[in-house]
Amino acid sequence: MYKIAVVTMGVCLNDEKGYTRFRYICDFLSDAGYQVDLFTTTFQHWDKAQRDLEKIRRDDYKFGIRFLYEPGYKKNIDLRRIYSHRIAAKNLTKLLEQDGSYDLIYAEIPPNDVALAAARYADRNGIPFVADVNDLWPEAMRMVLDIPVLSDIIFYPLKRDAEKVYSLVSGVIGTSDEYRDRPFASGDRKIPRETVYVGNELKVFDGGAEANRDQARKQQGEFWVSYAGTIGTSYDIRTMLLAAEILWQRGYDNIRFKILGGGPMKEELEELANSRNIRNVEFAGYVPYGEMAAWLKASDILVNSFVKKAPQSIVTKIGDYLAAGKPMINTCMSPEFRAKVEHDGFGINIMPEDADILADAVLKLYEDEAGRKRMGENARRIAEEQFDRPKSYQKIERMIADLIRENKKGNI
């Protein structure tokens, strides 16, 4: 039985908040016959607090868990976060050396320095290293801090570490084509690369939506325009509020905007809605996954809302949006995703940060029931074909199996 270390700082363990991608990868690989150890942090990113490790250890897992101590941080973009990850990277090196005897390391990037610790361990021990690229640092951080010269100095270590990680990869999994290809920007190499969208489990999504139908009941005649996800700098919720106000002023008081999720800008945006007396917006806050699925399926339009400069590509929420089978209004400027929206026919692209354009787009779909139905059917089809994890994550297992086999053959 081959032994794999999976390294991530952002994983949802059982009833925690957070992303489920790496939990699923660990379960998926365990079911495929590998012995898997998950290396993750003592610090829960979404709660901004240390985990209750004893509670977690009482739960059942198919894989082993190794916790890396890190002191934690208060904000997503924070010098303390960089310091905290540096401590985690040092502790990862110690734990890997202590546990040892792995056949392959699979690590997310970012955090860049944690991924680099994993890559260097793999290199020293002559085993394959696979990078799962699901964001770009420091590019994403420039959304918050973009000061000429100063930002270059502050973010140089992140850029340096990223390039070192990319130089050591044996294979690359990207959550979009753009992310998949980033490690090859400095020169192409003959190593495997695959795009595996974050995706979801359609069976779990559908089951959650069905079980929570009563939590997302519409009033008769209401038309819901919804957003689900982080309420932060990259996500243009402000324009959604102003578009809601415009539609109310035009007399469409039945068009209701639903904002699901939390984040650093939630209170500020709630205050904006209150100060302008925007009455057709509801901030639902963070809701459990099954309830979120019910809200999305009850909606009429879903908005993938980003500011112009956002560096994101195909983000986590897209799998859930598509699973809901609803038309999408997309403001993300990623060329890859805009082309996908158009090619796959599940929504429309508009320019970001313009409330009039968004209000007009909502109204256009509001008046086109047949178009909404067609786009929704396309969305569900793409979810089933490309985003359903039991199918799509087979690419990850195939790459891992091939890399281990080739490495073992080379060491004979």
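The values are calculated or read from the model by the stated rules, or taken from the named source; none is laboratory data. Because the structure is a prediction, the values reported are computed rather than measured. Methodologically, a virtual Cβ is constructed for each residue, glycine included, from the backbone with ideal geometry; neighbour enumeration extends over all protein chains shown.
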Just give me the residues in segment 137-164 being closer than 23 Å to residue 316 by Cα and either at pLDDT 95 or above or of a type in the set (Lys, Arg) (or both), in sequence order. 142
I'd like to check something: does segment 116-123 contain any residue that is closer than 18 Å to residue 8 by Cβ, of a type outside the set (Gly, Ala, Ser), crowded, with 20+ Cβ neighbours inside 10 Å and at pLDDT 95 or above? yes
Inside segment 26-65, the number of residues satisfying the requirement of being under 18 Å from residue 1 (Cβ atoms) and in contact with a helix residue (DSSP H, G or I) (Cβ under 6 Å, 6 or more places away or on another chain) is 5
Would you check if there is a residue in segment 100-111 being in a helix (DSSP H, G or I) and within 26 Å of the chain's Cα centre (by Cα)? no
Quick check on my filter: what residues within segment 295-305 are in contact with a Phe, Trp or Tyr (Cβ under 7 Å, 6 or more places away or on another chain) and part of a strand (DSSP E or B)? 302, 303, 304
Might you check whether a residue that is surrounded by fewer than 20 Cβ atoms within 10 Å (Cβ to Cβ), touching a residue at least 40 places away in the same chain (Cβ under 8 Å) and either polar (S, T, N, Q) or out of contact with any His (no Cβ under 9 Å at 6 or more places or on another chain) (or both) occurs anywhere in segment 21-29? yes
Residue ID - farthest from residue 270 (Cα to Cα), chosen from residues in segment 222-240 that are in a loop (DSSP other than H, G, I, E, B) and either more than 14 Å from the chain's Cα centre (by Cα) or of a type in the set (Gly, Ala, Ser) (or both): 222
Could you tell me which residue of segment 203-228 is nearest to residue 21 (Cα to Cα), considering only residues that are crowded, with 20+ Cβ neighbours inside 10 Å and of a type in the set (A, V, I, L, M, F, W, C)? 205
May I ask you to verify whether residue 329 is farther than 18 Å from residue 296 by Cβ and of a type in the set (Val, Ile, Thr)? no
Across (1) among the β-branched types (Val, Ile, Thr); (2) out of contact with any Leu (no Cβ under 7 Å at 6 or more places or on another chain); (3) over 29 Å from residue 178 (Cβ atoms), residue 230 clears everything bar (3)
If residue 271 satisfies every condition in (1) assigned to a helix (DSSP H, G or I); (2) buried (at least 17 other Cβ atoms within 10 Å of the Cβ) but one, which is the exception? (2)
Boolean, residue 63 is touching a Leu at 6+ places or on another chain (Cβ under 8 Å), at pLDDT 95 or above, surrounded by 15 or more Cβ atoms within 10 Å (Cβ to Cβ) and under 26 Å from residue 230 (Cα atoms): no
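Within segment 69-93, which residues are assigned to a loop (DSSP other than H, G, I, E, B), under 20 Å from residue 105 (Cβ atoms) and either not assigned by TED's automatic domain parsing to the domain that holds residue 125 or not hydroxyl-bearing (Ser, Thr, Tyr) (or both)?
70, the sole residue that qualifies.
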